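Below is one structure, written out as structure tokens, with a few remarks after it.
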Amino acid sequence: MRNDFFAGFTGNKEAMAEMDKAVALEPDHIGVRIPRGAILLTATMSQPMDDRVRGEVKRGIEDSQRAYDLQKDSLSSLGEHPLGQLLMDLGNAYSRVGENEKAKSYFDQIDQLIPKSVYAKRAAAWRQNGKLTMQEGACIGCHVSK
């Protein structure tokens, strides 16, 4: 069983290397940035914050922030899920690394752009508790149970 566990890490490293290569080739492609950012942010949610995890969260922030910047002039045309998840990921990630003013700016956008959504409920939870639980920070959408 030990070999299977460590073999998984090898596969993860190879997959991340492929995603890194894709970002290097297409740094402004949302279809490259969103998946890598989502994987980095999700994979680190249950891990204790140390220098390695902080670095991975910051890489996830860079990807999500780039995706946001590329779409910032057309946010209102995005559907509730892509918009909510992008803003939620940024707010939660900035909060996790202690950048609460930046986090607040993304949670505020959720309140402005999709006020009656489950994302707005989670933004309210962040305001009340100063952080999100793992469940509150997890993806909401058609490919996960709600």
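A few remarks follow.
- All conditions but one from (1) part of a helix (DSSP H, G or I); (2) at pLDDT 95 or above apply to Pro115; the one that does not is (1).
- The residues listed here are Glu26, Glu99; of these, the one that is surrounded by fewer than 20 Cβ atoms within 10 Å (Cβ to Cβ) and either farther than 30 Å from Glu14 by Cα or touching a residue at least 12 places away in the same chain (Cβ under 8 Å) (or both) is Glu99.
- For Ser46: the one exception among (1) outside any loop (DSSP other than H, G, I, E, B); (2) under 20 Å from Asn12 (Cα atoms): (1)
One line per residue, one yes/no per condition, for (1) of a type outside the set (S, T, N, Q); (2) modelled with pLDDT of 95 or more; (3) more than 24 Å from Trp126 (Cα to Cα); (4) surrounded by 10 or more Cβ atoms within 10 Å (Cβ to Cβ):
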residue	(1), (2), (3), (4)
Phe5	yes, no, yes, no
Asp20	yes, no, yes, yes
Gln47	no, no, no, yes
Val57	yes, yes, no, yes
Leu70	yes, yes, yes, yes
Asp73	yes, yes, yes, no
Gly84	yes, yes, no, yes
Ser95	no, yes, no, yes
Tyr106	yes, yes, no, yes
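- Condition met for Asp89 (buried (at least 23 other Cβ atoms within 10 Å of the Cβ) and either at pLDDT below 95 or of a type in the set (D, E, K, R) (or both)): yes
The values are calculated or read from the model by the stated rules, or taken from the named source; none is laboratory data. Being a predicted model, the structure only gives us computed values, none of them experimental. Virtual Cβ from ideal backbone geometry, glycine too; neighbours counted across all protein chains shown.
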